[in-house]
Structure formats: structure tokens, C-alpha cells
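Notes follow the structure.
Laboratory data are not the source of any read-out in this text; all were calculated from the coordinates shown. Since this is a predicted model, take the numbers as computed values, not measurements. Counting neighbours? That spans all protein chains shown, and the Cβs are built from the backbone with ideal geometry, glycine included.
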Amino acid sequence: MPVSVDQTSVDPSRNESAPANTSASADTAAQAPAGKKDEALRPHAEDAFAAELAALAAQDDRPRPARWRMSPWAVATYLLGGTLPDGTVITPKYVGPRRIVEVAVTTLATDRALLLLGVPGTAKTWVSEHLAAAVSGDSTLLVQGTAGTPEEAIRYGWNYAQLLAHGPSRDALVPSPVMRAMSEGMTARVEELTRIPADVQDTLITILSEKTLPIPELGQEVQAVRGFNLIATANDRDRGVNDLSSALRRRFNTVVLPLPESADAEVDIVSRRVDQMGRSLDLPTAPDGIDEIRRVVTVFRELRDGVTADGRTKLKSPSGTLSTAEAISVVTNGLALAAHFGDGVLRPSDVAAGILGAVVRDPAADRVIWQEYLEAVVRERDGWKDFYRACREVSA
Ligand SMILES: Nc1ncnc2c1ncn2[C@@H]1O[C@H](COP(=O)(O)OP(=O)(O)OP(=O)(O)O)[C@@H](O)[C@H]1O
Ligand SMILES: [Mg+2]
């Protein structure tokens, strides 16, 4: 029986919580505010990184756009990491080209909204959450886009008990996260914009161009106050950006988040995130995990690119996305296996099942691709014998 772990059940973007370790507070527990938030399985960015955000805001003397918690420069530093004049270390949240982050942050200070676009697992949601946390101190004004997202989720709904008892009034109105962001001058987020039906998406046009949300039932409107802007994310693999009407697309500046450019960059991202997630799940840190992380990243990159790292052997790519996010899941699962059923050291057998689960999505075609890769590449590679054996065992 092949053993495989379905990575879809472990979504790093939803399970991690990461009280960062900064020199401002070496004790990770000190980063999160006291009380119930401490216990959240996944604290919001503004809670998990409260100490970093406070240090940045305190030491930032550059000009801030209206209602921003800090200057655009400080927001970019929060995302990319750095050291403040008093020695506080800001951990990098996003690992990638600085210019991308600068363009994204600057867009939020203009009257155009920001669209983060990219293949799955390129940190679109992650970046959007951290941008909202840094700019507005609140990343929770969020609309999740699905095929069933109604207009009310973007505009407003009604409390029907109130509506029936007293008729339409501001008290009976239930504002959407976007409406709240408009009236409070905050950052709203719309996830997976292109999954929302076109007519519902178009609700955003007036909001983004006129900066107003009419409430015809009351003969009123909510005007956006300064500080309001919107970050949308869209996946260019599921359904294309073509699904955005051109009228709506013109209201956005599009920033494309790329896949990590080198294996080293991807190993860096995976090890950072695995370390943060491991701490939040109380997993012991694996001393020699880096070799296994490098191996997972190599396998994912080679299969994704359809060619081995040395460029010599052409490969077929499996149907799964094999994103950085999935590599993070595979390694985190492996660490949990090593911690609970092994000796705490991450070994090939701890990641093999996870890799198989991520690669073989289509039981027929992907399995053949995986077997070919195992025999042609993994078997022949120096120092990969253990890994080859572990993979054979789970795929047999
Ligand atoms: N360049 C990167 N820098 C830092 N973290 C990254 C990077 N790329 C991926 N990640 C990590 O990958 C995980 C998944 O990212 P996220 O969920 O934001 O992806 P996404 O682009 O929204 O994917 P999807 O299209 O599936 O929604 C996050 O935990 C994030 O930290
Ligand atoms: Mg996402």
C-alpha cells in the first residue's frame, strides 16, 4: 500500500503562528499580548509581531500618509526585515525582490488599489496580511472570495430582526469589512478576487473610483475617508486574471509575486517558516534539518521546472503545483513525525511520504512521472541513497 500524506490538509498559510524572536524581546512569549490572543492557534500578524510593529512605529520619523501607523519606508522594512537604530531586529516576513515590496507599499499610499497576482504559494495572502497589519494595524477587514460571494459581502447586509421591527435604518445595517475600512480609513483585503462572480466584482468599481458606497435604501452613502485602500489577491493558475473586467483592472496596480529565484532563496524561506511554525506547534527544533529541507526544495524545483538542477536531464512535470508553501508543509509534517515517532532528527523517511503526497496528485500519470524521476535522478545522485530507499518504501 503506498503511503502518502495529503498536503492539502496542512495549509501553512492557515496554521502558522509566529511570535517572532527579536532583540527587543528575546522571549517569544513576550511578543504576543497577554490574554486569549496568546492561545490563538494562529494569531493575526498585528498580534504575532506586535513588538516589532511598535518598535518600528516608535522609531519612524519619516512622513506618514493619513491614518497610516508608520511611513511607507517602515512598512517595507517590516516586510523585508532590518535592524533599527536602537538595535531592534525586524525579522523578514517576505523573502524576495525589494522593489516588489516598495512598489506594493507605494501603491497603497496612492488612490489606486493593489492587486497581488501570482501562482499558488507565492505568499500573496501572507504579504497582504502583513501589509494591512503594518499600514493599518488591523489585517482582519477581510472578504474571502468564492464563487458564492454575494454583493452583501462587499457592500453591506441587513440585520433582519431589526429591519422587520424598525424598518431600514443605520442600526439595522450590517457593514461589510470593505465598508468599515472605508469609514475608518483602513486597509481592506479581498482574497481570491477572480473567483468572485463578475457582477459581484463590479461592485468594487464605484468603491475604488468614486471612493463611495451608496446606500439607496436609506438615501445615504458612506464616503471613504483618507487612509482607505484595498489589497486584492488573485491566483493566475486557478482562473486567469482575464476574469477581471477591464474596468475593474484599471483601478488596480498589479504586482506579480514571483517564485523564489534560486534554490538557496527557497531553502531560506522554507527553513524560516518551518522554524516559526515548529515553535508555534511546540515541535522540538531539528538540529540537522537543513539537509532534508534542501532535498525537498531540490525535488520540488526540479519537478516544477521540468529539468534537473544541473540542466542535464529533462523531466516531466507532475500536475500538482509543488509550491514553496507545499514544501513548508512537507517539512513541518516531517518534523512532527520525527518529534513524535522518531528521535527528533529529521530524516529522509520523515519527508518521503509528504513528498509523495505532494507530487502524486493524479494517481495514474503523476505516479509514472515520480517513478521515472526516482529511478533516473534520485537513485544516481551522490549522497541520496537513504532518500532513494525511503521514497521506494513509501511508493512501493
Ligand atoms: N517569498 C516568500 N517569502 C516568505 N514566505 C513565503 C514566500 N513564498 C511563500 N512563502 C510562504 O508560503 C506560505 C503560503 O503563502 P500564501 O498562502 O500567502 O500563498 P498564496 O500565494 O496566497 O497561495 P494561494 O494562491 O494558494 O492562495 C506562507 O506561509 C508564506 O510564508
Ligand atoms: Mg492565498
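Miscellaneous remarks
- Using a simple spin-label model with pseudo-atoms 7 Å out from Cα toward Cβ, T140 and T106 lie 3.4 nm apart.
- Computed extension length for D343-W158: 61.0 nm, one decimal, from 0.36 nm per residue of separation with the Cα-Cα distance subtracted.
- Per-residue 3J(HN,Hα) values for region 201-213, derived from phi via the Karplus relation 6.51 cos²θ - 1.76 cosθ + 1.60 with θ = phi - 60°, read 3, 5, 3, 6, 4, 4, 4, 7, 8, 8, 6, 9, 10 Hz in sequence order (x marks Gly and Pro).
- Contour excess over end-to-end distance, with Cα ends at E184 and V368 and 0.36 nm allotted per residue: 60.8 nm
- Annotation: the residues S317, S323, sorted from fewest to most other C-beta atoms within 10 Å of their own C-beta, follow the order S317, S323.
- Between R226 and V307, residue separation times 0.36 nm minus the direct Cα-Cα distance comes to 24.2 nm.
- The amide H of V307, built 1.01 Å from its N in the peptide plane, has L315 as neighbours under 5 Å, considering only residues 5 or more places off or on other chains.
- Interchain or long-range residues, amide H under 5 Å from W158's placed H: V174
- Under 12 Å of direct C-alpha separation, and excluding same-chain neighbours fewer than eight residues apart, K316 reaches these aspartates and glutamates: E302, D305, D366, E372.
- FRET efficiency, D291 to R392 (Cβ-Cβ, R0 25 Å, nearest 0.05): 0.85
- Phi angles across region 177-187 convert, under the Karplus curve 6.51 cos²θ - 1.76 cosθ + 1.60 with θ = phi - 60°, into 3J(HN,Hα) values of x, 5, 5, 5, 4, 5, 6, 9, x, 10, 9 Hz, Gly and Pro given as x.
- Between region 306-324 and region 90-104, the alpha-carbon centres lie 27 Å apart.
- Among L142, L108, L41: highest mean-square fluctuation, GNM of the chain, C-alpha pairs under 10 Å: L41
- Note on K314 and D202: the model spin-label points, each 7 Å out from Cα along the C-beta direction, lie 4.6 nm apart.
- What the Cα convex hull of the chain gives, in volume per residue, is 170 Å³.
- For region 192-197, 3J(HN,Hα) computed residue by residue from phi via the Karplus equation (6.51, -1.76, 1.60; θ = phi - 60°) reads 6, 3, 6, 7, 6, x Hz, glycine and proline entered as x.
- Distance (nanometres) between label positions extended 7 Å along Cα→Cβ at D171 and D86: 4.6 nm
- The chain: calculated mean residue ellipticity at 222 nm from DSSP helix runs of at least 4, using -39500 (n - 2.57): -12500 deg cm²/dmol
- Normalised by the number of residues in the chain, the mean separation of alpha-carbon contacts (under 8 Å, six or more apart) gives a relative contact order of 18 percent.
- Amide proton proximity set for N229, modelled H, under 5 Å, gap of 5+: M186, T187, A188
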